[in-house]
Amino acid sequence: MSDAMRRALPQVLIELPLVRQATGYTCGVAALQSVLHYFGQSIRQDVLAEALGADPEHGTNYKRMAAFAQANGITCKPHEGLSPARLRAMLAAGTPVMIALQAWGEPGIDYAADWEDGHYVVVVGFDDANFYFMDPSVLGNYTYLPVDALLVRWHDCYLEDGLIVRLHRFGLSFSGSGVAYDPAACVPMG
């Protein structure tokens with residue numbers, strides 16, 4: 001990566017664990033795994049994928065992820081039509097937000113018209129110009145998008161009862177009784 005593409009981390013950053021998705025269709029599973037671990041729930045990705053019914057054709061349904069988080073003691077709320085200002089307020093309050101957007105498509109793709117490259121990421125920070133993500137497609141680094149680029153990409157769809165349901169500026173916010181993850185901690189091997 002060129003130095004021109006590198007960016008310092010923002011002041012507002014929720015340090016979620018960096019988790020890499022195991023398959024091309026488990027971005028939602030990996031994003032949820034990161035959130036769960038942040039709140040003290042350590043669950044292997046393959047176990048989580050099976051519990052959530054992750055599917056090679058359709059990925060992972062957000063409703064199953066929300067229900068799983070709730071069943072494990074983490075408050076999860078769906079939000080449709082989120083604004084950048086509302087998203088910033090949630091992040092400033094320490095609330096990570098998983099969103100569904102279009103990403104990792106072919107070079108030159110028009111993300112405004114694209115509904116085929118759905119991807120889950122967790123929004124973890126912001127500055128004046130960008131939002132920052134725990135992106136399960138990237139190993140070892142947070143990612144970022146300028147606000148304008150996020151607004152173009154921030155939509156996705158899913159199949160429910162044979163119908164395509166479109167989501168616009170959708171997110172799942174997560175909160176728990178306390179943060180358990182400490183990125184500076186070293187833990188004993190079991």
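Values quoted throughout were computed directly from the atomic coordinates according to the rules given, and no laboratory measurement underlies them. Everything quoted here is computed from the prediction, not taken from an experiment. As a convention, Cβ positions derive from the backbone with ideal geometry for all residues, glycine included, and neighbour counts pool all protein chains shown.
Could you figure out which of (1) touching a residue at least 60 places away in the same chain (Cβ under 8 Å); (2) more than 15 Å from A31 (Cα to Cα); (3) of a type in the set (A, V, I, L, M) isn't true of I99?
Among (1) touching a residue at least 60 places away in the same chain (Cβ under 8 Å); (2) more than 15 Å from A31 (Cα to Cα); (3) of a type in the set (A, V, I, L, M), I99 violates only (2).
Residues of region 127-141 being in contact with a strand residue (DSSP E or B) (Cβ under 6 Å, 6 or more places away or on another chain) and either buried (at least 21 other Cβ atoms within 10 Å of the Cβ) or of a type in the set (D, E, K, R) (or both), which ones?
Selection gives F131, Y132, F133, M134, D135.
Which ones in region 137-190 are in a loop (DSSP other than H, G, I, E, B) and farther than 20 Å from G94 by Cα?
S137, V138, L139, G140, W154, D161, G162, C186, V187, P188, M189, G190
Looking at L139, L82, L145, which one is under 19 Å from L16 (Cβ atoms), free of Cβ contacts under 8 Å to residues at least 40 places away in the same chain and more than 12 Å from the chain's Cα centre (by Cα)?
Result: L145 is the single residue among L139, L82, L145 that is under 19 Å from L16 (Cβ atoms), free of Cβ contacts under 8 Å to residues at least 40 places away in the same chain and more than 12 Å from the chain's Cα centre (by Cα).
Scan region 15-68 for residues that are touching a strand residue (DSSP E or B) at 6+ places or on another chain (Cβ under 7 Å) and either on the phi > 0 side of the Ramachandran plot or among the polar types (S, T, N, Q) (or both) and report the count.
Result for region 15-68: 3.
So for region 40-52 (the condition being part of a loop (DSSP other than H, G, I, E, B) and under 15 Å from the mean Cα position of the chain (by Cα)), does at least one residue qualify?
No, there is no match, as no residue in region 40-52 is part of a loop (DSSP other than H, G, I, E, B) and under 15 Å from the mean Cα position of the chain (by Cα).
When region 89-123 is examined, which residues are found to be of a type outside the set (G, A, S) and over 15 Å from the mean Cα position of the chain (by Cα)? It would help to see each step written out before you state the result.
Keep residues of region 89-123 that are of a type outside the set (G, A, S), which gives 90-91, 95-99, 101-102, 104, 106-107, 109-111, 114-117, 119-123.
Once the filter is applied, which keeps residues that are of a type outside the set (G, A, S) and over 15 Å from the mean Cα position of the chain (by Cα), region 89-123 yields E106, P107, I109, D110, Y111, D114, W115, E116.
With the requirement that a residue be closer than 19 Å to P84 by Cα and without any contact (Cβ under 8 Å) to a residue 60 or more places away in the chain, what does region 155-171 give you?
Residues satisfying the conditions are H155, D156.
Among the residues of region 62-79, how many are assigned to a loop (DSSP other than H, G, I, E, B) and within 16 Å of the chain's Cα centre (by Cα)?
Adding up the residues that qualify gives 1.
Hey, A89 hits all of (1) assigned to a loop (DSSP other than H, G, I, E, B); (2) closer than 30 Å to S42 by Cβ; (3) free of Cβ contacts under 8 Å to residues at least 12 places away in the same chain but one; which does it fall short on?
If we test A89 against (1) assigned to a loop (DSSP other than H, G, I, E, B); (2) closer than 30 Å to S42 by Cβ; (3) free of Cβ contacts under 8 Å to residues at least 12 places away in the same chain, just (1) comes out false.
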